[in-house]
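Read through the structure below, which is laid out as structure tokens, and then see the notes.
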Amino acid sequence: EADIYQTPRYLVIGTGKKITLECSQTMGHDKMYWYQQDPGMELHLIHYSYGVNSTEKGDLSSESTVSRIRTEHFPLTLESARPSHTSQYLCASSEYSFGSMNTEAFFGQGTRLTVV
Amino acid sequence: GNSVTQMEGPVTLSEEAFLTINCTYTATGYPSLFWYVQYPGEGLQLLLKATKADDKGSNKGFEATYRKETTSFHLEKGSVQVSDSAVYFCALRRGGSYIPTFGRGTSLIVHP
């Protein structure tokens with residue numbers, strides 16, 4: 001069972017509010033990711049991190065920002081939420097070492113965000 | 001670049017039917033290949049994986065064989081159950097890159 005947690009599971013919030021989606025993992029993984037999942041279920045990488053103090057933007061442009069101050073924690077922040085931000089957000093982490101057999105990503109349960 | 005192509009869904013089957021979900025990939029070298037499953041309202045869970053050519057991954061009655069010659073990793077199950085209804089994602093991770101590449105997902109609906 002994966003040890004990666006996202007909170008909250010569901011969030012309904014008004015336009016213009018600042019929100020932070022939390023993601024924590026206890027596996028000591030260096031690599032962490034945020035995906036946005038559209039209604040058609042496709043996953044879009046919006047942010048990733050190599051490790052502490054390292055963050056990069058993903059393939060899909062996003063108005064959100066992330067930080068990685070601690071290995072286990074990778075929060076995503078929206079400064080001013082809009083209805084277009086309504087989506088499912090999935091956090092994941094993975095271990096990487098050359099030649100490792102443990103190559104899969106582990107996912108949290110997701111946060112379903114609705115901006116009204 | 002790396003890419004994964006899955007058959008479009010939804011795939012609708014009756015209980016105990018045979019399942020195949022096709023997945024082909026484009027990548028250099030020898031990527032690791034995965035199938036993930038997402039049940040309604042949940043995140044993705046690893047279903048099975050294969051890390052080299054001709055490996056067969058299996059779990060919960062599902063199987064997939066890493067076919068280098070056809071660059072494929074098709075998911076099969078001999079007899080599906082209603083509880084298998086979910087979205088299935090094929091994915092790869094190329095050696096030297098830690099970012100997984102996912103297909104678009106295939107929805108499976110199993111009727112009693």
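Name the single residue, out of those in region A:29-81 being of a type in the set (A, V, I, L, M) and part of a strand (DSSP E or B), that is nearest to the other protein chains (Cβ to nearest Cβ). Walk me through it before giving the result.
First pass over region A:29-81, keeping only residues of a type in the set (A, V, I, L, M): A:32, A:41, A:43, A:45-46, A:52, A:60, A:66, A:69, A:76, A:78, A:81.
If we keep only those that are part of a strand (DSSP E or B) as well, we get A:32, A:43, A:45-46, A:66, A:76, A:78.
Details: A:Met32: 10, A:Leu43: 5, A:Leu45: 7, A:Ile46: 12, A:Val66: 15, A:Leu76: 15, A:Leu78: 20 Å.
So, considering only residues that are of a type in the set (A, V, I, L, M) and part of a strand (DSSP E or B), the one nearest to the other protein chains (Cβ to nearest Cβ) is A:Leu43.
Checking B:Phe73 against (1) within 10 Å of chain A (Cβ to nearest Cβ); (2) under 30 Å from A:Tyr50 (Cα atoms), which test does it fail?
(1)
Condition check: within 14 Å of chain A (Cβ to nearest Cβ), more than 26 Å from A:Asp59 (Cα to Cα) and surrounded by 20 or more Cβ atoms within 10 Å (Cβ to Cβ). Does B:Tyr88 satisfy that?
Values: within 14 Å of chain A (Cβ to nearest Cβ): yes; more than 26 Å from A:Asp59 (Cα to Cα): no; surrounded by 20 or more Cβ atoms within 10 Å (Cβ to Cβ): yes.
Taking the combined requirement at face value, the residue does not satisfy it.
Enumerate the strands (runs of 3 or more DSSP E) found wholly within chain B, keeping only those where 2 or more residues are free of Cβ contacts under 8 Å to residues at least 24 places away in the same chain, at negative phi and within 16 Å of the chain's Cα centre (by Cα). Before the answer, list the steps.
Numbers: elements: B:3-6, B:11-14, B:19-21, B:23-26, B:32-38, B:44-50, B:56-59, B:62-65, B:75-77, B:86-93, B:106-111.
Result: B:44-50, B:56-59, B:62-65.
What pairs can you find where one residue is in region A:58-79 and at pLDDT 95 or above, the other is open to solvent by less than 20 Å² (accessible area, probe 1.4 Å) and charged (D, E, K, R), and their Cβ atoms are less than 8 Å apart, with a gap of 6+ or different chains?
Filtered contacts from region A:58-79: A:Phe74/A:Arg68.
Could you please give the count of residues in region A:24-53 that are over 15 Å from B:Pro100 (Cα atoms) and in contact with an Asp or Glu (Cβ under 9 Å, 6 or more places away or on another chain)?
Of the residues in that region, 7 qualify.
I'm trying to understand the selection: among the residues of region B:44-70, which are more than 21 Å from A:Leu43 (Cβ to Cβ) and more than 14 Å from every other protein chain (Cβ to nearest Cβ)?
Listed by number, the residues that qualify are B:Ala53, B:Asp54, B:Lys56, B:Ser58, B:Lys60, B:Gly61, B:Glu63, B:Thr65, B:Arg67, B:Lys68, B:Glu69, B:Thr70.
How many of the residues in region A:15-43 are surrounded by fewer than 20 Cβ atoms within 10 Å (Cβ to Cβ), closer than 17 Å to A:Leu113 by Cα and either touching a residue at least 60 places away in the same chain (Cβ under 8 Å) or within 11 Å of the chain's Cα centre (by Cα) (or both)? So that I can check it myself, show each step before the final result.
From region A:15-43, those surrounded by fewer than 20 Cβ atoms within 10 Å (Cβ to Cβ) are A:15-20, A:22, A:24, A:26-28, A:30-31, A:38-42; that's our starting set.
Remaining after also requiring closer than 17 Å to A:Leu113 by Cα: A:15-20, A:22, A:38-42.
Still in the running and either touching a residue at least 60 places away in the same chain (Cβ under 8 Å) or within 11 Å of the chain's Cα centre (by Cα) (or both): A:15-20, A:22.
Of the residues in that region, 7 qualify.
The values are calculated or read from the model by the stated rules, or taken from the named source; none is laboratory data. These numbers were taken from a predicted model, which means no experiment stands behind them. Because the Cβ atoms are built from the backbone with ideal geometry, glycine has one as well, and the counts that use them run over all protein chains shown. Each accessible area value is taken on the protein alone, full model and side chains, heavy atoms only, with ligands, DNA and RNA left out. Shrake-Rupley method; radii C 1.70, N 1.55, O 1.52, S 1.80 Å.
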